[in-house]
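Comments concern the structure below.
The values are calculated or read from the model by the stated rules, or taken from the named source; none is laboratory data. Note that the structure is a prediction, hence the values are computed from the model and not measured. Counting neighbours? That spans all protein chains shown, and the Cβs are built from the backbone with ideal geometry, glycine included.
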Amino acid sequence: MKLPSLASLGLAGAVLVSACASANTGVTGGAPRFDASVEEPTGTSPGEGGVPSCLIDAAPGAATTWTSLFNDYFGPSGAGSCSKEAGNCHGGLQEPGATASGGYVCAADKDACLASLLSSSTLLVQIPHDTSKPDDSGLVQELRRQRADGSVVGLMPKRPVCVFTAAAITRIDTWISAGAQNN
């Protein structure tokens, strides 16, 4: 590994000192420099120190039926529950998550949750369109997942900050490819 020369370090230091010396001390613009309500940018790792709070995985041979996906992932006791955080997610039409998503609600009723996923107002799963490319469905695009290159994309679930593994996404993709049936 080649170390930088003393001359290049001196030049860099001079540039920094010059920049600091010419900066004015007043605050301008009026807009906040940090907005705590802004979501994590896509492509970054969630959680503190870049580590997710949890991984949402799939057991080998796990079923790809709606009932199993609802129980394992989306329902109230699921690892990526859409309604676990009462008052903030998708448990009712008036909750912020439902409002922001075009009305996606997924509470204790798996049939109503499925109807909401398939609704033309949420566009999360569009049948037959998404059956040929389930990874392009609105649902999969919203889920926080890790790509092969290690980058993390997607926004859901917000709390806890969890990442769906490739095996979990494959389960969801398989269900969508089969027509997103209520089975």
| query | Among the residues of the range 91-122, which ones are free of Cβ contacts under 8 Å to residues at least 40 places away in the same chain, of a type in the set (A, V, I, L, M) and in contact with a Leu (Cβ under 9 Å, 6 or more places away or on another chain)? | reply | Val105
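Residue under question is Val153, and the condition is that it be touching a residue at least 24 places away in the same chain (Cβ under 8 Å) and over 22 Å from Thr67 (Cα atoms); does it hold?
yes
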| remark: Checked the range 51-92 for anything of a type in the set (A, V, I, L, M, F, W, C), at pLDDT 90 or above and part of a loop (DSSP other than H, G, I, E, B); matches are Ala58, Ala62, Ala63
| message | Looking only at the range 128-153, how many residues end up being surrounded by fewer than 21 Cβ atoms within 10 Å (Cβ to Cβ) and either touching a Lys or Arg at 6+ places or on another chain (Cβ under 7 Å) or assigned to a loop (DSSP other than H, G, I, E, B) (or both)? | response | 10
| task | Could you give me the residue pairs with C-beta distances under 8 Å whose first residue belongs to the range 156-183 and is free of Cβ contacts under 8 Å to residues at least 24 places away in the same chain, whose second residue is in a loop (DSSP other than H, G, I, E, B) and exposed (fewer than 15 other Cβ atoms within 10 Å of the Cβ) wherever it lies, and which are 6+ apart or on separate chains? | result | Ala166/Ala148
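If we keep just the residues of the range 93-117 that are of a type in the set (Asp, Glu) and more than 20 Å from Arg171 (Cβ to Cβ), which is modelled with the highest pLDDT?
Among those residues, the one meeting the criterion is Asp109.
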